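These notes concern the structure reproduced below.
Just so it is clear, none of the values below were taken in a lab; they were calculated from the coordinates. In this text, all values refer to a predicted model and were calculated from it rather than measured experimentally. Reconstructed Cβ throughout: ideal geometry from the backbone, glycine too, with neighbour counts over all protein chains shown.
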Amino acid sequence: MSWKQRINKYLSTQRLTDKWRNRCIIDKSSTRLLRKGKKFYIDFSSNDYLGLNHHPVIIESWNTGMSLAGVGAGSSSHMTGFSSFHADLEMQLAEWLGYPRALLFISGFDANQAAISLLGKKNDYIIADKLIHASLIDAVINSPAKLYRFNHNKIESLIFYLNRYCNGEKLILTEGVFSMDGDKAPLKNIYNQVQKSNGWLLVDDAHGIGIIGDEGRGSCWSAGIKPELLIISFSKAFGISGGALLCEDDIADYFLQFSKHLIYSTFMPPAQAFALQTSLNLVKGAEYLRYRLNENIKYFQLGIKSTSWKLIESNTAIQPLIIGNNDDAKVLAIKLAHAGCWVNVIKPPTVLVGTTRIRITLSAIHKFEDIDILLEALYDANR
Ligand SMILES: Cc1ncc(COP(=O)(O)O)c(C=O)c1O
């Protein structure tokens, strides 16, 4: 089969199986609203949970960072791409989260890929929650380690795999807040079991950092655990992008020596690291925004009770409505769009077959009136 034939075969399967993914041009003139064409929508699809994306102080510090250090890092952090802005941010992150070291990555996706590609060796077991993010699973599939998947958030299932004889090391993967379901992992329990079996735990807290716990220190802090590897992303509550790994000194040194993701890739622009320091300071002091977010979550959950829609159990900003099949979900998303609400339809393979959903995300900057519009649209859609 030629390249062309192979590509066409994949594309037609993608169309036939209703997995086609589209991009559309969106203008985000504020965090609360987005514009597509001439129409404005209330944005219920973003991960900008604290509404920092357009924060004037962050924008100003990105500008200051650019005027001081230019627009790009120019090379990898092992060449000349590592600046005092990066070093300061790494130090501040480590201090904030109580780890000896933090290492920056260009994205949370990259940090996850780097972690798995460096740690998963032959004879090792990687034991992952069934709903773990694609950035981790994808890396495990390409690693020589053996993958086992435990039932979502089920400790007995985890224990079952932890008890299997393993000739190498065991790395356990979970998320603090699950990206498509919004529920939280029983981290304390998982951590205790992993410790008992002498494994290591990696927690991806992309959706918990900045939101959960004292000063937004995230799911692990709030559960009182310190996993060997904590991955965070700056693309959600921080309103920007980038990722970081928090760990002990020798693990950080191991990554710096051997991670191709760090050695062979141009580093995060220094101006971004400068802006991230500002974002970090805002996140730490964002008690009011976290309070507003929680009020919005409660308001939405209370309102949905007066409709016939059922939410899955989540007390985070991610509030999914499981629809089941793709067509029904698309129809609902269109109805919501007509009412001025923008939501994302999440289809398999991103989620399990039969669980196509509308992933509603709430932000601190939504007003109760915005949520009323969404609730009314949902109510009307099901009449
Ligand atoms: C759980 C989880 N981990 C990692 C990532 C990737 O993070 P980033 O956007 O920083 O690449 C995402 C992205 O949505 C995510 O949901």
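Here are a few things to note about the model shown:
- Listed residue pairs exceeding 30 Å between alpha carbons, taken from 19/226; 38/347; 9/330; 347/367; 184/284: 19/226
- In region 112-206, trypsin sites (Lys or Arg not before Pro) in a DSSP loop with at most 14 other beta-carbon atoms within 10 Å: 121, 122, 130, 154, 164
- Entry note, the chain: the mean residue ellipticity at 222 nm calculated from DSSP H runs of n ≥ 4, each adding -39500 (n - 2.57), is -12500 deg cm²/dmol after division by the residues and rounding to the nearest 500.
- Between region 234-305 and region 105-181, the Cα center-to-center distance that results, in Å: 21
- The alpha-carbon of residue 305 sits under 15 angstrom from the alpha-carbons of these aspartates and glutamates, leaving out residues fewer than 8 places away in its chain: 313, 372, 376, 380.
- What the Cα atoms of region 272-383 give is an Rg and a Dmax of 15.8, 50 Å.
- For q = 0.07 Å⁻¹, Debye-computed log10 I/I(0) when each Cα of the chain counts as one equal scatterer: -0.33
- Projected-area average for region 186-295 over all orientations - Cα convex hull basis, square nanometres: 7.9
- Working value for region 164-221: equivalent-ellipsoid semi-axes of 24, 12, 9 Å, each the square root of 5 times a Cα gyration tensor eigenvalue, largest first.
- Chymotrypsin sites (Phe, Trp or Tyr not before Pro) restricted to DSSP loop in region 103-178 with at most 14 other C-beta within 10 Å: 165
- Cβ-to-Cβ counts within 10 Å put 265, 84 in ascending order as 84, 265, the fewest first.
- Taking region 39-154 as the region of interest, the number of lysine pairs whose Cα atoms are within less than 17 Å, with members eight or more places apart or on different chains, is 4.
- Close amide H pairs (under 5 Å, H built 1.01 Å from N) link residue 127 with 148, 171, 172, 173, residues at least 5 positions away or on another chain.
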